[in-house]
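Peer 1: Okay, handing you the structure first.
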Amino acid sequence: MTGAVAYGRDVTGADAAAPNRLHALAVTRACRLMDESAAPPNLQELAHSAGYSRFHFHRMFKTFTGVTPHAYVSVVRARRVRHELAHAPTVSDAIYRSGFNSNGHFYSASPAILGMTPQEFRSGGRGTVIRYACAPSSLGPVLVAAADKGVCAVLAAAGAPGREVLVRRFPLARLTAGDTGFAARVHAAVRRAEPPAAGRALLPADLLEVCLHERVRRELSGPGAAG
């Protein structure tokens, strides 16, 4: 039989969802591979590992996550550099350990990643003013915080829990609730960033959350969007 069978059954009725489940598993494995690899694989390697062409894998990945494989690699690298900035001896060490090809590449991307200078981030937000607002999503409430250069945090759980995480991350910053304009932009960004229906039904919750938060960052990355 050719392509009409999945898990040993005809792909009809309820079994029509089987290909989607297989696609979701392939996307999940690719995300885990990127999460765990010291040097994240490129699109060709990811597609080959999943058993698809580059074009098909790219389209499938975005259909389920709402972001491209390249954007997910950027998420992994950004998460690593935020961690390393808090623990590495120097900013240069943090950049090197996070997989950036050069200091210049990192510094050009740092406003979108950190929302402040690397030195301010390492110091726990010393001297910065951070505004925050909360918005509902299909995955639960989201807290978005922004400093002068852009979004500095997108966190699960609103209200006190989200603010407590923000305080721990930036203990020396001045935290203040955003005005109505900022709150409206956050609500609109979270609404536009909702995970695609295909992924929401089949991907693990933690991957959906990572992709939602990245899409929120991107929605608020335009000129003045987080201002």
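Peer 1: Scaled to the compact-protein estimate 2.2 N^0.38 Å, what is the alpha-carbon radius of gyration of the stretch 51-102, rounded to two decimal places?
Peer 2: Compared with the compact-globule rule of thumb, the stretch 51-102 sits at 1.47.
Peer 1: Using alpha carbons only, how many degrees (0 to 90, rounded to 10) separate the axis of helix 18-36 from the longest principal axis of the chain?
Peer 2: The answer is roughly 40 degrees.
Peer 1: Run through the DSSP bridge list for the chain and note the antiparallel percent, rounded to the nearest 5.
Peer 2: Approximately 75 percent, going by the DSSP bridge assignments.
Peer 1: Right, something else. Using the alpha-carbon atoms, what tilt in degrees (0 to 90, nearest 10) does helix 159-169 show relative to the longest principal axis of the chain?
Peer 2: Approximately 70 degrees, to the nearest 10.
Peer 1: Related question: Take the chain, connect every pair of alpha-carbon atoms lying under 10 Å apart with a spring to form a Gaussian network, then pick out the residue of 123, 37, 98 with the largest mean-square fluctuation.
Peer 2: Judging by the Gaussian network model, the answer is 37.
Peer 1: Could you work out the equivalent-ellipsoid semi-axes for the stretch 129-187, taking the square root of 5 times each eigenvalue of the Cα gyration tensor, largest first, in whole Å?
Peer 2: 17, 14, 9
Peer 1: Please pull out the direction-averaged projected area of the stretch 126-227, using the convex hull of its alpha-carbon atoms, in nm² to one decimal place.
Peer 2: In nm², the orientation-averaged hull projection of the stretch 126-227 is 6.0.
Peer 1: Could you state, as a whole-number percent, how many of the C-alpha pairs of the stretch 78-162 are farther apart than 21 Å?
Peer 2: Summing the P(r) tail past 21 Å for the stretch 78-162 gives 34 percent.
Peer 1: Beyond 12 Å, what share of the Cα-Cα pairs of the stretch 111-159 remains, rounded to the nearest whole percent?
Peer 2: So the pairs more than 12 Å apart make up 59 percent of the total in the stretch 111-159.
Peer 1: Can you work out the base-10 log of I(q)/I(0) for the chain at q = 0.07, 0.18 1/Å, using the Debye formula on its C-alpha atoms alone?
Peer 2: Relative scattering, expressed as log10 I(q)/I(0), comes to -0.26, -1.33.
Read-outs throughout are calculated quantities, based only on the coordinates presented, and are distinct from any laboratory measurement. Predicted model only: the values in this text are computed from it and were never measured.
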